[in-house]
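The values are calculated or read from the model by the stated rules, or taken from the named source; none is laboratory data. Please read all numbers here as calculations on a predicted model, not as lab measurements. So basically every Cβ, Gly included, is an ideal-geometry build from the backbone, and we count neighbours across all protein chains shown. To get the accessible areas, we keep the full protein, side chains included, count just its heavy atoms, and leave off ligands, DNA and RNA. Shrake-Rupley method; radii C 1.70, N 1.55, O 1.52, S 1.80 Å.
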Amino acid sequence: MGEVVVPIEDKSKHVLPLYLPPTPVPFQIITIKDTPGAAAGVSPPPQGVVNLSELESWLPLTESRNGSTFSAILHLLCSGIGFQVLFLPVAFASLGWAWGIICLSIAFMWQLYTTWLLVNLHEPVPGIRCSRFVRMSILAFGPKLGKLLAIFPVMYLSGGSCVMLIITAGTSMEQLFNIICEEGTMCGSMSLSGTQWFLIFTCIALIIAQLFPNLNSIARVSLTGAITSIGYCTMIWALSISKGRPNDVSYGIPVADRTGMTGFGNILNAIGIIMLAFRGHNLILEIQGTLPSDSKHPSRKSMWRGVMVSYMIIAMCLFPLAIVGFWAYGNKIPEEGILTAFTKFHGQDTSKYVIGLIYIWLTISCITSYQIYAMPAFDNLEFIYASSKKRRCPGWVRAGIHLFFGGVTFFVAVAFPFLGKLAPLIGGMAAVPLTFVYPCFMWISIRKPRAKGAMWSLNLGVGSIGIVLSLLLIVAAVWKLDDKGLNANFFRP
């Protein structure tokens, strides 16, 4: 009697038992009796199994593998530029010019390197593709440790990001309404509550989600998201230059804010803001999974071309926004970010339609980002149905899954509208390790470079630094919450 290890995405016609939990293990041990068929590597599918290739073709992330470098660029831009970039000037206010630019540059190169690692780990051996981050983690660290390390970060960066998008877009829509419908006008007396704005955004996002069944099909949505994200970032820093600096802008850090525990905490929180501005690593493998791949044209080549183009554009958005934002507002910039600073200092001398356009682009960007960040959750829920029923999700089930997920994210957004203030804490536990740490140790575990060689030492060192930094960011976030408190306005958005 022998055992055969069957990979999750082997293109051969192996079968996968349907006992797997929502996040499946990447290998299944199938015991095969010593029969002629077994010796040939072929065994008839037992009852209660489903063909791997067929199962993959049913799920939203891998239903279509007809993507292109251009579609990958769009997905990377839509997922990589978010509202978090609006807080970069706040980090510069705590770090100063030199250290702000240095930290932003190091973080950019660091996350670009870990992206390269993930792109090259997508196909660990020819014919096997890891199109989901959790499966890659399990392949690298084993079923128990892999799930323990990856499930919470992936859940937070999927569902948690969607919750934050609801909160951010709902607030932006309310601000837009207040700008257009001033007090005394007919529509000014028809203002909605925060919960109602959250509900409007969620309904719009779910309608769009229902129109596009898989990740590859939302390329046009990602195109819209990329345009609007680049648009509001560019518009904010360009207007900040044209309007000039307010009076008495200073770039020095007060002595009280740069000494003792206060200074140490401010520096770590600033580094956390910079590191959390880089997002989307939980979607790198998924985006690459939409690209075709064969022995002559592996997906890593077209994906890396997409990464280089998209990250060049991302850098052109992040660096000017951070540098110009700090130049324009200095230490006067509020904790709410550069958009709040612009409306505070230049709202009176700027057309309300111009400011309104920024909020419109920000809202559209959140709507499009919701689609791509919700896709792993949709995929996981559809996997539960498809593996248990042994058939593709019908339209009404898919609609029910979308409504369920949308309802959960809407409820969490209404119940915890202060979730953004917990982002440094949760991000230190989830986003920072996933983005800056895990890919390094995955490379060591899967590729097994020569011990104490260049790649082994580099990944071990970078990953270890990331772990220490993640722990320090968590400590700094806890200290800040203890020092300034938390306005926990439950169910009062």
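Descriptive notes on the structure:
- Flag if S310 is of a type in the set (S, T, N, Q), in contact (Cβ under 8 Å) with a residue 60 or more places away in the chain, over 20 Å from C103 (Cα atoms) and open to solvent by 30 Å² or more (accessible area, probe 1.4 Å): no
- Residues within segment 330-361 that are in a helix (DSSP H, G or I), in contact with a Phe, Trp or Tyr (Cβ under 6 Å, 6 or more places away or on another chain) and open to solvent by less than 70 Å² (accessible area, probe 1.4 Å), tallied: 3
- Segment 121-135, residues that are touching a Gly at 6+ places or on another chain (Cβ under 9 Å), crowded, with 24+ Cβ neighbours inside 10 Å and not in a loop (DSSP other than H, G, I, E, B): V134
- Among the residues of segment 172-209, just one is among the β-branched types (V, I, T), closer than 15 Å to L362 by Cα and at pLDDT below 95, namely I179.
- Of R398, R447, all but one fail to be farther than 24 Å from F141 by Cα and of a type in the set (K, R); the exception is R398.
- One residue alone among P433, P439, P424 is touching a Lys or Arg at 6+ places or on another chain (Cβ under 9 Å), part of a helix (DSSP H, G or I) and open to solvent by less than 60 Å² (accessible area, probe 1.4 Å), and that residue is P424.
- Some residue of segment 403-417 being in a helix (DSSP H, G or I), among the aromatic types (F, W, Y), surrounded by fewer than 16 Cβ atoms within 10 Å (Cβ to Cβ) and within 22 Å of the chain's Cα centre (by Cα): yes
- Inter-residue pairs, beta-carbon under 7 Å, first in contact (Cβ under 8 Å) with a residue 40 or more places away in the chain and in segment 68-86, second outside any helix (DSSP H, G or I) and among the basic types (K, R), 6+ apart: S79/R279; G80/R279; G82/R279; Q84/R279
- Residue selected from segment 297-322 under the condition of a type in the set (S, T, N, Q) and more than 17 Å from the chain's Cα centre (by Cα), by the criterion farthest from L104 (Cα to Cα): S299
- Which listed residue, of K480, K452, is over 23 Å from I208 (Cβ atoms) and either in contact with a strand residue (DSSP E or B) (Cβ under 7 Å, 6 or more places away or on another chain) or outside any loop (DSSP other than H, G, I, E, B) (or both): K480
- The residue that is nearest to G280 (Cα to Cα), among those in segment 293-307 that are open to solvent by 10 Å² or more (accessible area, probe 1.4 Å) and in a helix (DSSP H, G or I), is W304.
- Among the residues of segment 269-301, those that are in contact with a helix residue (DSSP H, G or I) (Cβ under 6 Å, 6 or more places away or on another chain) and over 21 Å from Y438 (Cα atoms) comprise N269, A270, T290, L291, S293, S299.
- Answer residue from segment 72-111, given it is open to solvent by 10 Å² or more (accessible area, probe 1.4 Å) and hydroxyl-bearing (S, T, Y) and is farthest from I465 (Cα to Cα) among those: S94
- Among residues of segment 364-390 that are in contact (Cβ under 8 Å) with a residue 24 or more places away in the chain and open to solvent by 10 Å² or more (accessible area, probe 1.4 Å), those with a beta-carbon under 7 Å from a residue that is acidic (D, E) and part of a helix (DSSP H, G or I) at least six positions away or on a different chain give the pairs P376/E286.
- Per the conditions (1) surrounded by fewer than 23 Cβ atoms within 10 Å (Cβ to Cβ); (2) not in a loop (DSSP other than H, G, I, E, B), the sole criterion not satisfied by I284 is (1).
- Check on Y232, open to solvent by 50 Å² or more (accessible area, probe 1.4 Å), within 24 Å of K344 (Cβ to Cβ) and not β-branched (V, I, T): no
- Any hit, segment 180-198, residues being crowded, with 23+ Cβ neighbours inside 10 Å and within 30 Å of S64 (Cβ to Cβ): no
- Tally, over segment 61-113, of residues that are part of a helix (DSSP H, G or I), aliphatic (A, V, I, L, M), modelled with pLDDT under 95 and under 22 Å from A209 (Cβ atoms): 0
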